Every structure is written in structure tokens, then in C-alpha cells.
1. For segment 125-233, calculate the relative contact order in percent as a whole number, restricting contacts to Cα pairs under 8 Å that are 6 or more residues apart.
2. Once phi is turned into θ = phi - 60°, what whole-Hz ³J(HN,Hα) does the Karplus curve with 6.51, -1.76 and 1.60 give for every residue of segment 224-241, x standing for Gly and Pro?
3. Distance in nm between label sites at residue 51 and residue 239, each 7 Å beyond Cα in the beta-carbon direction?
4. Out of 89, 33, 60, whose Cα points farthest toward the positive end of the dipole of segment 27-100 (charges: +1 Lys, Arg; -1 Asp, Glu; placed on Cβ)?
5. Which option, [x] 45; [y] 24; [z] 16, is the value of percent of Cα pairs over 32 Å apart that was calculated from these coordinates?
6. Would you mind counting up the charge near residue 112? Only other residues with Cβ under 15 Å from its Cβ, with Lys and Arg at +1 and Asp and Glu at -1.
7. Using the Cα centre as the reference, give the magnitude of the dipole from point charges on the C-beta atoms of segment 27-278 (Lys, Arg: +1; Asp, Glu: -1; all else neutral), rounded to the nearest 20 debye.
8. Around residue 32, with a cut-off of 10 angstrom between Cβ atoms, what is the net charge of the other residues, counting Lys and Arg +1 and Asp and Glu -1?
Amino acid sequence: MIRTVIRIVAALLAMLTVVAPATARDLTVMSLNIRLPSPDDGANRWELRRDLTAATIRRADPDVIGTQELFERQGDDIVARLPRYRWIGVGRSGAGSPDDEHMGIFYRADRLQLERWGNFWLSDTPGVPGSISWGHPLPRMVTWAVFREKDGTRFAMFNTHLPYRAEDEAAREKGAALLAAQIPAIAGDLPVVVTGDFNTVPDTPTYRRMAQALRDAWVAAPVRTGPEATFHGFTGKPDRRIDWIFTRGFAVKRATTIDTRRGDVFPSDHYPVVVTLVR
């Protein structure tokens, strides 16, 4: 009798194992304008803040990071301090430009497999490296990647940095429209996360264009911590929310703006934004 009961219980457990859905793992995403390595930054020169930047990333423990203004040596410095990460990207003027800004994407290689990645430029000729349109002075681009998690689920990530001048709002809107048009062409039906320094505030045409098919994770999060504004210029007094994370196909669990500092030293002149997502 006892053996019969054991067999029945074992059979029921086996059935539950088959039909029970797998528990989705949270995906933690960071957006960070890391600030290029300028010798004019005084106490916040890269050599003086790189350890704090790495420590800030380590504590947040993101699966993926979308960075802006990243130089190659900064990417290598981060990976040297955080060896579980790898990073991808090219200079905004094109491949083979280490002393140029990259839209570098970092990922935890022990958690994620990089399936494919690429770049396009925010211009009338997006396939031409370094191309510029719409009246702004510097190349603007998107680096994207498709990742596979250990359970086989996949998602796509897009990372960008839009023009910065006040008079560039029309160019920012065109860049956002091009990015939005490229997402379905590259990602198909995959869940999507977009990170970036958009250099404008939410009450703008650029934001409204992004929000047409994507969700602002900060707004959607039921739990938010840290200041809403993100750019502070190494002052610790942020005045604008210009660093955004948008999503498609994810639920947002929480969002955090990290205002870490050590005295007068900050990880960057932007506060990192971190969101926790789940399917």
C-alpha cells in the first residue's frame, strides 16, 4: 500500500513538473552615460572615478548596460575590474576608432549569450558609418544586440545617444522615428529594451515618438527610488530626466536612479538608471 501511494505521488509530481511553467528570471538593465575621459574634469577625471564607476555597476549587478560616450579604454577598464562582463560597440565615426564615442553595450557573459549585433546611424543613410543628416554637428548612432538567456528565451537591446543642442529637437525626433522603425526590422517579435541618453525631456516630440510603441520603464514601474532627474554635470543636483529606458514585451517591477558619490567624485555626470524587468 505504501509503495502504491509513493508511486502515485511520484507520478503526480512528474505531471506537475511537465505542466508547470518555468519561473521567469528577472532581467536587470542599466542605462549609463559614462562621460568621456576628459582631462578637464578635475576631481572627476576618468582615472579618479573609474573604480567608483565599476563599484557602482557591481552593486547594481545588471545583466546588460547601455552606455553612451564610452571610449574604448573606458570599456576595457570596466571589464578589467568586472571580468564577468563583455562589451561590444564601434566608434561613432565607424569601426577602428578607439578615441571616439561608442554606444557600448555590456553584458554578463555568464548569464547571456550574444547571438548577433550591429549598428546603424541616425541619418538619411543609416548603413553608412559616420553619416550625419538633419543639421546636427556630430554622428549619432544605435548599437543593437540580440541575446539568448540560459533558458533559451531571447530579447533584443538597442542603445543610443541623441543630439544635444537645444536647436536639435527636430533631429532628435527624426532619430527617434528611425530607431522606432528599425526595431521591428531587427527584433521581429522579440521582447525589446531600449537604453539611451536622449538629451531631451519627456514633454517633447522625441519622447512622444518613442512612447508610441514602447513603454517608459520609469513611468511604468510600480516602485521607483532615487531622483527622477538624471543629468547633474558632476554637481549632484540633477535638473533633467534625459536618460530613458523603454521596453516592449516586458513587465516592469522597479526602477532606480543611482545617486552614488564619494565626496566630490561621481561615477559620471549622469546618474545611472536601473530597471528590473520580467516577462
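Read-outs: derived from the displayed coordinates by stated rules, not from any lab. Keep in mind that this is a model prediction, so the values were computed, not measured. All Cβ positions, even for glycine, are placed from backbone atoms using ideal geometry, and neighbour counts span all protein chains on display.
1. 23 percent
2. These are the phi-based 3J(HN,Hα) values: 10, 9, x, x, 6, 6, 10, 8, 10, x, 6, 9, x, 10, x, 10, 8, 9 Hz.
3. 3.2 nm
4. Highest projection toward the positive end goes to 60.
5. Among [x] 45; [y] 24; [z] 16, the one calculated here is [y].
6. +3
7. Result for segment 27-278 is approximately 760 debye, rounded to the nearest 20.
8. Working: positive: 35; negative: 69, 197, 243.
Overall, the nearby charge balance is -2.
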